Amino acid sequence: MAAGEQFPRRCAAYDDPNRSAEPLVSPQFADHCARTRQNGRVDVPAARTEPTPAISVEAQLSALLGPLRRAVLRRTRAAEGLPDLPEAQIELLRLLVGAEGVPPSLAATELKVAQSTISNLIRTMTAAGLVERVPSPTDGRAAVLVASPTARELLARYDRASAAMLRESLAKLPAADRERLESALPALQQLLSVLSE
């Protein structure tokens, strides 16, 4: 142990004029306090700080994904002048654009929502000209859902504007960060698959 560490840091208590009795200290400690008093300072215990707990990857990812997606949507809509469609409507349109006709019951299953939720979405989006009901190609008595030409054009415009906006934003990042993001894409796709199970 170093010489300066042999003395407890209690000079402040030793010098307290209101102490009830003379503290029992060694001559060396009294001399140490006298020297610190001459230097215009009294040693006091250093403040103890608890180490900041590390934030888990899960917490960081959870806190990041929502704001990131909202930022992409906000910037893309502003750049292209697109309507502010609710997320549920966008998800249904994505499903319909990728198929040739989807029964309402299958749409509810794919989106993992109640049948009543799909019914409300269909009613609202049909009135807005985004979804159409057409006869099923395999059962003329049933109807399937398709995205309207207007909806397909809106999604195409969004995809073009989103890609352009992200390309511009990524170009502002260091090359090393762009490479890390590219390397993380397969893992994010796997995570999406797991979450969609």
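The values are calculated or read from the model by the stated rules, or taken from the named source; none is laboratory data. Nothing here was measured: the structure is a model prediction, and the numbers come from that model. Here the Cβ is made from the backbone with ideal geometry for all residues, glycine too, and neighbour counts use every protein chain on show.
Brief remarks on what is shown
- Positions within segment 171-197 being in a helix (DSSP H, G or I) and either of a type in the set (S, T, Y) or more than 19 Å from L61 (Cα to Cα) (or both), in sequence order: A175, A176, S183, S193
- Filtered residue count, segment 62-82, keeping only those that are modelled with pLDDT of 90 or more and over 30 Å from A156 (Cβ atoms): 1
- Verdict on S148 being free of Cβ contacts under 8 Å to residues at least 60 places away in the same chain and of a type in the set (S, T, N, Q): yes
- Condition check for E197: more than 20 Å from R70 (Cα to Cα) and of a type in the set (D, E, K, R): yes
- Selection status of L155, surrounded by 13 or more Cβ atoms within 10 Å (Cβ to Cβ), modelled with pLDDT of 90 or more and either more than 21 Å from S196 (Cα to Cα) or among the small types (G, A, S) (or both): yes
- Among residues of segment 136-186, those that are of a type in the set (S, T, Y) and under 20 Å from the mean Cα position of the chain (by Cα), counted: 3
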